[in-house]
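These notes concern the structure reproduced below.
All of the numbers you see were taken from the coordinates with simple rules; none came from a lab. On a predicted model such as this, the values are computed, not experimentally measured, just so you know. When we count neighbours, we look across all protein chains shown, and the Cβ atoms used for this are built from the backbone with ideal geometry, even at glycine.
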Amino acid sequence: MTLFPSRYNYFYKINNKYSFINNILTGAIDFIENDIWNLTVDNKFEEIGKYPLSNLIERGYFYDDLKKEEYIFSELYRNYIKKAIKRPVRFVFCPTYECNLRCSYCFEKDLLSHSNKHMDEAMLDAAIDSAQKISKDYSGEIKSIELFGGEPLLSKNKFLIKKILDFAENTKAAITVVTNGVNADNFIDIFKSLSKQIDMFQITVDGVKEIHDKRRKYASGKGSFDEISKSIDALLLNGINTNIRINIDNSNIEYLPDLFDYVKNKKWFDSPNFNIKPSIVADHSSLGYNEFIIPEEELLRKLISVYDKYPELEELFGFYIFKPLRHVLEIINGAPNASPKFFNCESNIIELNVFCPDGYIYVCPESIGKEEFAIGSFYPELKFNEDKKGMWSKRDIFSIEKCTSCRFAPICGGGCSYSSMLIYKKNMEPVCQRFKETLDVFMELRGEKILKKFLT
Ligand code: SF4
Ligand code: SF4
């Protein structure tokens, strides 16, 4: 019998008896006896029992004709596109590039010297007007309105923020506020009446005061921890959904347990409006590493050593921050399958429209202020540049040559477009994450645990 292995098989030997196998395209996850897997490697399919063999074929690990796999891939793509076309649109308002903090790893430092740092009322009116016009070209529904910066919650911009909130109230869009949190408690009066519409206030806390204040400080050098903690108290007291984002890297990952204790002592977990999640610090302008940014699998190893000492942290945070593990985690947690990713992020489907104080519209929040990456402008008038839009939307796992033969393509999507443009000065270069290395470390350190779950 001639069978061909799928192009998307991942394999890791867990112990002397079992191996973990995953088909990255179909999302199938199985544990297989090593003896059986070895027979497939040696092409001795006729020696495998009828049931295990039909199972391997049904779940997409082997094909009698690889064209069948291509067909499955294109069907999944067609379904994905159908859904993507119907998507609602999301708007981000960035009233200023100014910020009251000077965080050590900020990707927006250059914006402080931008010649057009602030929106005035006329510009904000033009942004709101443009949002209404753009939404009509989509489903008409506005899914979310986000406040972003610089720092959106500067006291002098309160009247602009109020105007954006009035717009959000009229459209019934979910509201997200991405803020450093130091001044959030002075804005509660204008947010309070919309508390049910607020999806979240996202506030970054990088650890307990000792480490947070070294990373997230004012221009004077003073740390921001105390003001942020006070704002979180005030937001929760007023029933406003508040999400702490912990930006983790090599220099603060070991402080996670201390922060967890701080949050417990503050009784923030008692609030139904509280959430906390880590996020990995990334430098989109470089593929290199330094004392803060280390390879993903090394960060995972460090995180697991923290989890081994504090299992309640593993329960709380899990591993979802590691993109190479998400498809496995989804299936382990009960999802029937994991859908492939044909693009890397929402910038590739022009889902976000970020209105900035320079009058431009961006699709990637990290690229704001660099007009060469803008897809159009909204002030003085609304205009799109189709070539610039194409720079983002033409990028997918079919159009990037190296991705077309990559087994991790269905969980990668081709990598970050912005990084491709910054690092290679072209939009069609692959930006590979460390998929195999990260999956290998996860299986090395958590494979037995997952196997036990499968066997019971
Ligand atoms: S960017 Fe790299 S890892 Fe991602 S699909 Fe392309 S080749 Fe594979
Ligand atoms: S293009 Fe890159 S930096 Fe921009 S939103 Fe997407 S993943 Fe993030």
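For the peptides 126-138, 341-353, the ranking by mean Cβ contacts within 10 Å, running from highest to lowest, is 341-353, 126-138.
For the chain, what log10 I(q)/I(0) values come out of the Debye formula at q = 0.06 1/Å, with one point per alpha carbon and no solvent? Here the Debye-derived log intensity ratios amount to -0.30. A Cβ-based charge dipole, computed about the Cα centre of the stretch 359-435 with Lys and Arg at +1 and Asp and Glu at -1, lands at about 280 debye.
For the residue pairs LYS17/LYS453; LYS136/LYS172; LYS341/LYS402; LYS143/LYS196; LYS109/LYS323, the C-alpha atoms sit more than 19 angstrom apart in LYS109/LYS323.
Simple rule: put +1 on each Lys or Arg Cβ and -1 on each Asp or Glu Cβ in the stretch 90-347, find the dipole, and look at HIS114, PHE342, PHE317; the Cα lying farthest toward the positive end is HIS114.
Of the residues PHE435, LEU303, VAL177, the one whose Cα sits farthest towards the positive end of the charge dipole of the chain is VAL177 (charges of +1 on Lys and Arg Cβ, -1 on Asp and Glu Cβ, taken about the Cα centre).
Across the stretch 90-347, the fraction of Cα-Cα pairs farther apart than 29 Å, rounded to a whole number, is 37%.
Summing Cβ point charges (Lys, Arg +1; Asp, Glu -1) relative to the Cα centre of the stretch 90-347 gives a dipole of roughly 340 debye.
Taking other residues whose beta carbon is less than 10 angstrom from the beta carbon of LYS17, and scoring Lys, Arg as +1 and Asp, Glu as -1, yields -1. Across all directions, the average projected area of the convex hull around the alpha carbons of the stretch 137-259 is 9.0 nm².
For n ≥ 4 DSSP H runs only, could you compute -39500 (n - 2.57) per run for the chain, divide by its residues and tell me the 222 nm figure to the nearest 500? When only DSSP H runs of four or more count, the value is -11500 deg cm²/dmol. Judged by the mean number of other Cβ atoms found within 10 Å, the most tightly packed of the peptides 419-425, 160-166 leads the ranking 160-166, 419-425. State whether the stretch 336-456 is rounded, prolate or oblate according to the following rule on the C-alpha gyration tensor (a ≥ b ≥ c being the square roots of its eigenvalues): a/c under 1.5 gives rounded; otherwise a/b larger than b/c gives prolate, and the remaining case gives oblate. Prolate.
Counting charges near ALA28 (Lys, Arg +1; Asp, Glu -1) among other residues having Cβ under 11 Å from its Cβ returns a value of -1.
Take the Cα radius of gyration of the stretch 4-80 and divide it by 2.2 N^0.38 Å, N being the number of residues; the result is 1.12. Each residue in LYS388, LYS452 was given a count of other beta-carbon atoms within 10 angstrom of its own, and listing them fewest first yields LYS452, LYS388. Descending by average beta-carbon neighbour count within 10 Å, the peptides 442-449, 328-335 line up as 442-449, 328-335, the highest first.
Computed on the Cα atoms alone, the convex hull of the stretch 264-396 gives a volume of 198 cubic angstrom per residue.
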